[in-house]
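A.B. asks: Okay, handing you the structure first.
The values are calculated or read from the model by the stated rules, or taken from the named source; none is laboratory data. This structure is a prediction, so every number in the text was calculated from the model and none was measured. Cβ: placed from backbone, ideal geometry, glycine included. Neighbour counts: every protein chain shown. Each accessible area value is taken on the protein alone, full model and side chains, heavy atoms only, with ligands, DNA and RNA left out. Shrake-Rupley method; radii C 1.70, N 1.55, O 1.52, S 1.80 Å.
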Amino acid sequence: MRNNLSSQITLTRVSEKYYKPENTFEYSVLTRFEKIPAHIYATMDEASLALADEIAREIRDKQKAGKKYVMVLPGGRSPLSLYQHLIHIHKTGNLSFKNVVLFLLYEFYPLNNETNSNLHQIRESFISQIDIPESNVYYPDGFMNKNDIYDFSCKYEKKIAQLGGIDLMLLGIGTLGTIGLNSTGTSVNSHTRFMMMDSASRKEAAQLFSSIENVPPGVITMGVGTIMEAKKIVLLAFGESKASIIKKTIEGPVSDTVPATYLQNHQNAKVLLDLSSSYDLTRISHPWLVTNCEWDNKLIRRAIVWLCQQMKKPILKLTNKDYSENGLSELLALYGSAYNVNIKIFNDIQHTITGWPGGKPDADDSHRPERANPYPKKIIVFSPHPDDDVISMGGTLRRLCDQQHDVHVAYQTSGNIAVGDEEVIRYCEFLRDISGKYSPKENKIKAKAEEIINYLRFNKKEDGMPEHPDVLFMKGTIRREEARNAARYSGVKDENIHFLDLPFYETGLVKKNPISENDVEIIKKLLLKVEPDEMFVAGDLADPHGTHKVCLDAALAAFDRMKNRKWMKECRVWMYRGAWAEWEMDHIEMAVPISPEELRHKRNAILKHQSQAESAPYLGDDERLFWQRAEDRNRATAELYNQLGLASYEAIEAFVRYMLIE
């Protein structure tokens, strides 16, 4: 089963020339803005495998010399794929870890439950599956007395020195450039100590602790000085959410406001990236500034949009001088003049705009994103969570229904962990009171409601333990009925609302299972039932381990199975983005204008999801509510179209076509 097809989507964006240079000269030309060696791979898995092989060689070299190999492991999700490859090499490649000494980079403090500790996460994902002696694992104790922290920190540093120093320091990076949770203002000379976490780090850690309220206020961490004393440093960063901070880390100035930039001063540091996390680097995002380009339609469009923003001009006002003075003379040579390039790209972007996302019947569709026939179309909108459909494409969803297409919505997961306990209590109190009024002699429902209320009020669930099945059922039901209400409000027929409840999600924990055959089969069954002419899927790739990506991979795997069927060959698949970011202009292939009235309807549909308002457990680090994020994003897209010299709309929802991979 090809279950990671989403990782190949980024390959359509970037020529290998920019991230796999053929020789040292080309590499030096491409990386002239980069101050830390950056190695870019097509996927997270490819990068992790390369590093795992490198680590395995170094461990074996130390074994031959009869020496210890000292590694420091971070927390977070960036190293998880690396751990899996190291475990595989251990089990199949005769690699022993008996000469390896592990130190943990940090531990949360103070801890109330061992399950939430960084140590527990690393034990579960790595240490427990290799043959490293327990005596070779060193870590801060998140339960120690606060009066012992200073002595522990001194002993931690001393133990590292006794072992001859750190051979390999593995690091992740926070969205503000933290390394080892060393936040803004950290001194380059800092060593192991207790420090308070900044708000961004606490929000990132919230996924481990169910909510930000449960995240400990501080951390015992190696300092930047300890990190910089390592013989070799490798920073791992994967996914679009890391692209912005990676650019600052690698191309920006050294500053204590971005602690990761200190790595620029280390003689043996490097950064391993996938294409998504490297996307803001100059050689990937603006290659014309460092080398001759392999120009295709998307790269030309990206260059022109960038030039418009640099010059603060619409497309049709760009001049030959603008091109020449901004590194784009190649385009003048290819097209003869600025006018020729301008009109080509203007028409290209103009043709993305359509008020008929399902295709306009009885119309010339040669310059339209979606074909005119068949009409009406059978359409499936896949929604990873029970609200992504209306948040991400609520205006387009309503437009498709208003234009008389047979629209189905498939909610891929129950979203049951993203409901606050107080919501369940409120609904159970409602259920109890209704049961008491209309079925006073029937005590089962009333008793169950009382049981759930008392459980949530008086039994503190241990962190890291699965949610109680009755509570999960109630939370799932709340989200299901909110989704049904919002879809119905948008015009979807009741019989066309599908709840797939993919099994990978149903763990009762933040941590989910990997994609399985069962997940793909459930989607396949729906495809065979509907045989759609058009489909929409969530194309969010910002988090390489997140639910959206797993849902996308499950859908793409099902499409892959069906690709030889006649209806699937003729079906078009469009990818939408979530609440946080829109597709870049160079990739947008369909832009659906949203009127002020339609935007108001979209907001109302989002507000049907009452449990996902301010009290939702996983709102992320954005203070705006979901409807505010969605409207700001849609208005920003419309404003960009207007700045480029196209029509002025209230808002725009944007889509990129997914091409089935052979």
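A.B. asks: On the protein heavy atoms, probe 1.4 angstrom, tell me the percent of accessible surface of the chain carried by carbon and sulfur.
C.D. replies: Details: 14260 of 28040 Å².
For the chain, the apolar C and S fraction of the accessible surface comes to 51 percent.
A.B. asks: Can you work out ³J(HN,Hα) from phi for every residue in region 265-272, in order, using Karplus 6.51 cos²θ - 1.76 cosθ + 1.60 and θ = phi - 60°, giving whole Hz and x for Gly and Pro?
C.D. replies: 9, 8, 6, 9, 10, 8, 10, 9
A.B. asks: While we're on this one: Put a dot 7 Å past each Cα toward the Cβ at residue 402 and residue 465; how far apart are the dots in nm?
C.D. replies: 5.1 nm
A.B. asks: Here's another thing I want to ask about it. For region 152-212, build the charge dipole from Cβ charges (+1 Lys, Arg; -1 Asp, Glu) around the Cα centre, then report which of 207, 153, 197 sits farthest towards its positive end.
C.D. replies: The Cα lying farthest towards the positive end belongs to 153.
A.B. asks: Within 12 Å, Cβ to Cβ, of residue 565, how many net charges do the neighbouring residues add up to if Lys/Arg are +1 and Asp/Glu are -1?
C.D. replies: +2
A.B. asks: Ranked from the most accessible area to the least, with a 1.4 Å probe and all protein chains present, what is the order of 115, 261?
C.D. replies: 115, 261
A.B. asks: Kyte-Doolittle cut-off 0.5, length cut-off 24 Å along the helix's own axis using Cα: show which whole DSSP H helices in the chain pass.
C.D. replies: Long hydrophobic helices here: none detected.
A.B. asks: Moving on to the next point. Could you name the lysines whose alpha carbon sits less than 17 Å from that of residue 231, not counting residues in the same chain fewer than 8 places away?
C.D. replies: The qualifying lysines are 62, 67, 68, 158, 159, 270.
A.B. asks: Give me the extension gain from residue 600 to residue 434: residue separation times 0.36 nm, minus the current Cα-Cα distance, reported in nm with one decimal.
C.D. replies: Going from the current span to full extension adds 56.4 nm.
A.B. asks: What does the helix-only formula give at 222 nm for the chain: each DSSP H stretch with n ≥ 4 adding -39500 (n - 2.57), the total divided by the residues, and the result rounded to the nearest 500 deg cm²/dmol?
C.D. replies: Dividing the helical sum by the residues of the chain leaves -12500 deg cm²/dmol.
A.B. asks: What does the highest-first list of 602-612, 378-388 look like by mean Cβ count within 10 Å?
C.D. replies: Top of the packing list down: 378-388, 602-612.
A.B. asks: While we're on this one: Just grab the label-to-label distance for residue 65 and residue 362, each label 7 Å out from Cα along the Cβ direction, in nm (one decimal).
C.D. replies: Here the answer is 8.0 nm between the modelled labels.
A.B. asks: Sort 408-418, 58-68 by packing, meaning the average of other beta carbons within 10 Å per residue, with the highest value first. Please list the in-between numbers first.
C.D. replies: On the way: 408-418: 25.3, 58-68: 14.0.
Highest-to-lowest ranking by the protection proxy: 408-418, 58-68.
A.B. asks: Around residue 383, which amide H atoms from residues at least 5 apart in sequence, or from another chain, sit under 5 Å from its own amide H, with H modelled in the peptide plane?
C.D. replies: Close amide H contacts, sequence-distant or interchain: 410, 411, 412.
A.B. asks: Residue 560 accessible area, nearest 10 Å², 1.4 Å probe?
C.D. replies: Its accessible surface works out to 30 Å², give or take rounding.
A.B. asks: Relative to the Cα centre, what is the charge dipole magnitude of the chain, using +1 at the beta carbon of each Lys and Arg, -1 at the beta carbon of each Asp and Glu, and rounding to the nearest 20 debye?
C.D. replies: 480 debye
A.B. asks: Between residue 657 and residues 5 or more places away or on another chain, which pairs have amide H atoms under 5 Å apart, with H built 1.01 Å from N, and which residues are they?
C.D. replies: 575, 589
A.B. asks: Any idea of the accessible area per residue across region 36-98, 1.4 Å probe, to the nearest Å²?
C.D. replies: Here the per-residue accessible area is 44 Å².
A.B. asks: What size of dipole, in debye to the nearest 20, comes out for region 465-552 about its Cα centre when the only charges are +1 on Lys and Arg C-beta atoms and -1 on Asp and Glu C-beta atoms?
C.D. replies: Once rounded to the nearest 20, the dipole reads 140 debye.
A.B. asks: Considering all projection directions equally, how large on average is the shadow of the alpha-carbon convex hull of region 250-347, in square nanometres?
C.D. replies: Approximately 8.0 nm², given one-decimal rounding.
A.B. asks: Still on this model: List the trypsin sites (Lys or Arg not before Pro) within region 301-356 that DSSP assigns to loop and that have no more than 12 neighbouring Cβ atoms inside 10 Å.
C.D. replies: Values: sites: 301, 302, 312, 317, 321, 344; in loops: 312.
Passing both the DSSP loop test and the Cβ count: 312.
A.B. asks: While we're on this one: If you roll a 1.4 Å probe over the heavy atoms of the protein chains, what accessible area per residue do you get for region 382-514, in Å²?
C.D. replies: 46 Å²
A.B. asks: Can you tell me how region 52-159 classifies by the Cα gyration tensor, rounded, prolate or oblate, using a/c under 1.5 as the rounded cut?
C.D. replies: Oblate, because a/c is 1.5 or more while a/b does not exceed b/c.
A.B. asks: Here's another thing I want to ask about it. Which residues' amide hydrogens lie under 5 Å from the amide hydrogen of residue 275, considering only partners 5 or more residues apart or on another chain, with H built in the peptide plane?
C.D. replies: For residue 275, the qualifying residues are 41, 43.
A.B. asks: Here's a follow-up. Work out the charge dipole of the chain with +1 on the Cβ of Lys and Arg and -1 on the Cβ of Asp and Glu about the Cα centre, then indicate which of 100, 658, 318 is farthest towards its positive end.
C.D. replies: Value: 100.
A.B. asks: Roughly what would the spin-label model give for residue 485 and residue 442, points 7 Å off Cα along C-beta, in nm?
C.D. replies: Rounded to a tenth, the inter-label distance reads 2.3 nm.
A.B. asks: At R0 = 35 Å, how high is the FRET efficiency between residue 135 and residue 115 if r is their beta carbon distance? Nearest 0.05 is fine.
C.D. replies: Details: r = 23 Å, r/R0 = 0.67.
FRET efficiency, residue 135 to residue 115: 0.90.
A.B. asks: Of 146/203; 475/511; 360/566, which pairs sit farther than 19 Å apart, going by alpha carbon to alpha carbon?
C.D. replies: 146/203; 360/566, as the Cα separations exceed 19 Å there.
A.B. asks: Suppose R0 equals 51 Å. What FRET efficiency, 1/(1 + (r/R0)^6) with r the Cβ-Cβ distance, do residue 350 and residue 162 give to the nearest 0.05?
C.D. replies: Computed FRET efficiency for residue 350 and residue 162 comes out at 0.15.
A.B. asks: Just in region 403-446: which trypsin sites (Lys or Arg not before Pro) are loop by DSSP and have at most 15 other Cβ atoms within 10 Å?
C.D. replies: Passing sites in region 403-446 are 441.
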